[in-house]
Each structure stands twice: as C-alpha cells, then as structure tokens.
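Structure first, then comments.
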Amino acid sequence: MTIKVDHIGIAVKSIDEAKIFWEDALGVKLTGEEVIPEQKVKVGFFPMGESEVELLESTDPDGPVAKFIEKKGEGIQHIAFRVENIEETLENLKAKGVKLIDEKPRYGAGGAKIAFIHPKATFGTLVEICQRD
Ligand code: ZN
C-alpha cells in the first residue's frame with residue numbers, strides 16, 4: 001500500500017485574510033473554494049506539487065473548526081494521507097483496534113472519500129485518510 005501526504009488542514013478565522021500570506025508571501029495560488037455544509041466549513045485549496053494546503057474556515061460558530069480555534073487558536077488542525085482504498089484501510093485499522101472517528105468514509109472537499117482517525121490513537125494529531133479517484 002502506498003501512502004502519501006495529500007494535504008495539511010489549517011484552521012483560520014478568514015480564508016480571505018489568510019490567503020494573502022499564501023498568495024503574496026509564498027506565491028502559491030488559491031485554486032478553489034468549497035462549502036461543505038455537513039462539516040460547517042468552507043475550504044480553500046493551495047496545491048503544491050503532489051500535496052496541498054487546505055485552509056478551513058468555519059461557517060458556523062458551533063462547527064468543529066470554530067471550536068478548534070476557540071480552544072487552540074488558528075493553526076494546523078489535521079494532516080491527511082492519501083490511500084488507494086479507503087474501505088480496506090478502515091477495515092485494517094479497525095482490525096488493529098485503532099480508535100476511529102469515522103467507521104465509514106464520508107464526503108470530503110473535491111469529491112474525495114475521507115475518514116478521520118481519533119487523535120487518541122495517533123498521539124495527539126487529528127489524522128484524515130482520503131481516497132481520490
Ligand atoms: Zn482535510
């Protein structure tokens with residue numbers, strides 16, 4: 001199984017404000033934005049080679065990204081690894097007793113299938129696995 005870093009999810013209060021750093025200082029381009037109502041979040045993508053930075057802005061004060069910023073401030077919220085077969089990966093993780101947030105894949109930005117592993121199982125980092133077809 002090959003696995004690579006798909007994206008790094010960074011929680012910000014405002015994509016419009018944060019993108020100035022990424023675009024002006026680093027010269028990378030925001031290539032798309034998408035609102036994901038089920039996760040109460042708007043995401044903005046900055047592709048960089050095989051990976052991308054995903055800025056996350058809450059669309060609701062009760063959303064998970066708003067809660068994250070309230071507790072920890074803006075910054076890296078999760079890291080996502082791309083796998084070839086997310087169902088198989090989830091079965092493997094379950095068989096190994098790894099604590100999952102999502103037992104089944106759900107819809108992620110850009111049409112990916114995603115699932116989160118519980119930070120308790122990963123020594124503190126929210127890890128997402130995703131599959132893009
Ligand atoms: Zn993500």
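For residue 103 and residue 62 in one chain, what is 0.36 nm times their gap in residues minus the Cα-Cα distance, to one decimal in nm?
12.5 nm
Over every pair of different alpha-carbon atoms in the chain, take the mean of 1/r and invert it; report that Kirkwood radius in Å.
One over the average 1/r among Cα pairs gives 15.2 Å for the chain.
Taking the simple approach of a point 7 Å from Cα along Cα-to-Cβ for both residue 51 and residue 21, what is their distance in nm?
A separation of 1.7 nm, rounded to one decimal place.
For residue 31, what charge total do you get from the other residues with a beta carbon under 12 Å from its beta carbon, if Lys and Arg give +1 and Asp and Glu give -1?
Local charge sum for residue 31: -3.
So what J values fall out for segment 120-133 if you push phi through Karplus, 6.51 cos²θ - 1.76 cosθ + 1.60 with θ = phi - 60°, rounded to Hz, Gly and Pro as x?
5, 7, 10, 6, x, 9, 6, 10, 10, 10, 9, 10, 10, 9
Considering the options 65, 117, 11, tell which one lies farthest towards the positive end of the dipole of the chain, charges being +1 on Lys and Arg and -1 on Asp and Glu at the Cβ, about the Cα centre.
The listed residue farthest towards the positive side: 117.
Could you quote the convex hull projected area for segment 32-109, Cα atoms only and averaged over all directions, in nm²? Before the final figure, lay out each step's value.
On the way: hull surface 24.7 nm².
With the hull built on Cα positions only, its mean projection is 6.2 nm².
Using the Cβ atoms and a cut-off under 13 Å, what net charge is assigned to the surroundings of residue 86, where Lys and Arg are +1 and Asp and Glu are -1?
Summing Lys/Arg as +1 and Asp/Glu as -1 gives -3.
Please report the projected area of segment 70-133's Cα convex hull averaged over all directions, in nm².
4.8
Taking the Cα centre as origin and putting +1 on Lys and Arg beta-carbons and -1 on Asp and Glu beta-carbons, what dipole magnitude results for the chain, to the nearest 20 debye?
520
Readers should treat all values here as calculations from the given coordinates under stated rules, not as data from a laboratory. Just so we're clear, the structure is a prediction, and the values are computed from it rather than from any experiment. Positions of Cβ are generated from backbone atoms using ideal geometry, with glycine treated the same way; all protein chains shown enter the neighbour counts.
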